[in-house]
Amino acid sequence: MSRTTTPSAPTQTAKFPWIGLITLSAAVFLSVTSEMLPTGLLPDMSHTLGVSQSQVGLLVTWFAFTVVLTSTLLTHLTRKLPRHGLIVWVLVAFAVSNVLTAIAPNYEFVVASRIIGGLAHGLFWAVVGAYAAHLVPKAQIGRAVSITIAGGTLAFVFGVPIATAAGHVLGWQLSFVALAVLMLVGAVLVWKFLPPVDHYGIHEKATDADATALTGGRTRRDPTVMAVVLICSITGLIMVGHYTFYTYVAPFLIDGLGVNGSSLAPLLFAYGIAGAVGLLLAGTVFGPRPQLGLVVSVTVCAISVTVLAVFAANLPVAIGAFVLWGLAFGALPPLLQTRLLHAASARIRDQSSAFYTTAFNSGIGGGALLGAVLLDTVGLRVVPFAYVGILVAALVLSVVSDLVIRRRLASA
């Protein structure tokens, strides 16, 4: 299903691939909406399937841990397949997963359908994370990644709420069917508008051949591996901290700030909009300087969450800090991925993206678990300070690792 157009390496003077990147962003929008949709349809699915809401919530856990366990292996097994056709087939797999969820006769069948979706999601992100970098020169990677990841941000702001509302009105099964149809439309758009890429890279192939010849036939270890490991470790640490608190932010806003339940949705919407602004800043102001943007964003996250926790009784200050937190965190995913793609050689970009996906999802699951333990042992008010402590550790690791990465790349 992949086209046979011969890809060429992007150059500094090549036209920026807006249509291709927007198409990729639309695919990300559908993927993230599919991943998070059960969280908006908990009561409906719980009633129909005859299980508790917590069991329906575990569908997200099944999905996430399937990604963690399989993304790296699937990326390795498919490393020689054309990236363009792979994305098309992954979207088709998403559609199949959603249709199976819609027609599921029981809870166990839904779990199986979500595992299929998790398999597709892990491979999708491993491929998409590197795809944007293959389309543009290195100097434009930050901009390209921000456009691609924007689809994920819009999924939280619009995709999940709209699909949830449709599910409440039409029935949750039809919501999944509609999403499956959109996945197939997305597959067609990707096939037609997304340019194919050479995911190994012509220059990298030549470099590999030269390195093998110089070492007497022995393949030299890629010098950027350590940089990838460090950046993925920072990513996992930041996500653990974030989801330690954000998973339980709704009860914190209600019990800690005294916000009415009716005001919760507008506040979360404002947080999402602020995150979209942060995403824009990541692609424009900090795109060419992802390390600087990473340090600034983590610092602002730590300060804003501290203010939110300390001044919880002062509603205007607390809400301002909450929105600022959303803005700062919105910039982090594109900055982390841009930092990764800047550091990784083109030869290992796909594998690096797979490790990044694993670290990201491990952080989500680990953070939610840590937050639950803290909630049951020390209480809700301590949770944001645990988040801040983890962010400080991530900030120190980020600064130290940048020095290590620079020295290793300089000596490579």
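Only lysine pairs 8 or more places apart, or on different chains, with alpha-carbon atoms under 22 angstrom apart are counted in the chain, and they number 5. Fully extending the segment from Leu369 to Ala393 would add 6.7 nm, taking 0.36 nm per residue of separation and subtracting the current Cα-Cα distance. Once divided by 2.2 N^0.38 Å, the Cα radius of gyration of segment 337-380 becomes 1.67.
Taking the Cα centre of the chain as origin and assigning +1 to Lys and Arg Cβ atoms and -1 to Asp and Glu Cβ atoms, the resulting dipole is close to 1240 debye. For segment 254-356, the alpha-carbon coordinates run over 52, 23, 22 Å along the three principal axes, in decreasing order.
In this simple spin-label approximation, Arg381 and Gln55 carry label points 7 Å from Cα along the Cα→Cβ vector, and these lie 3.7 nm apart. Of the DSSP H helices in the chain, those with a Cα length along their own long axis of 27 Å or more and a mean Kyte-Doolittle hydropathy reaching 1.6 comprise 172-193, 225-246, 290-310.
Debye calculation, C-alpha points only, no solvent: report log10 I(q)/I(0) for segment 304-399 at q = 0.20, 0.21 Å⁻¹, in the same order as the q values. For the requested q values the scattering log ratios are -1.13, -1.19. A Förster radius of 25 Å combined with the Cβ-Cβ distance from His47 to Phe109 puts the calculated FRET efficiency at roughly 0.90. Full extension of the chain between Leu170 and Ser233 yields a length gain of 18.4 nm, computed as 0.36 nm times the residue separation minus the alpha carbon distance. Computed about its Cα centre, the charge dipole of segment 273-412 is approximately 480 debye, with only Lys, Arg, Asp and Glu carrying charge at their Cβ.
Sorting Phe193, Phe29, Phe355 by the number of Cβ atoms found within 10 Å of their own Cβ, with the fewest placed first, yields Phe193, Phe29, Phe355.
Note on Leu184 and Val404: the model spin-label points, each 7 Å out from Cα along the C-beta direction, lie 4.9 nm apart.
Computed with the Debye formula from one identical point scatterer per Cα of segment 78-160, without solvent, the log10 of I(q)/I(0) at q = 0.20 Å⁻¹ comes to -1.00. Projecting the Cα atoms of Phe16, Val28, Gly171 onto the dipole axis of the chain, where Lys and Arg carry +1 and Asp and Glu carry -1 at the beta carbon, places Phe16 farthest toward the positive end.
Read-outs throughout are calculated quantities, based only on the coordinates presented, and are distinct from any laboratory measurement. Everything quoted here is computed from the prediction, not taken from an experiment. We place every Cβ from the backbone using ideal geometry, glycine too, and count neighbours over all the protein chains shown.
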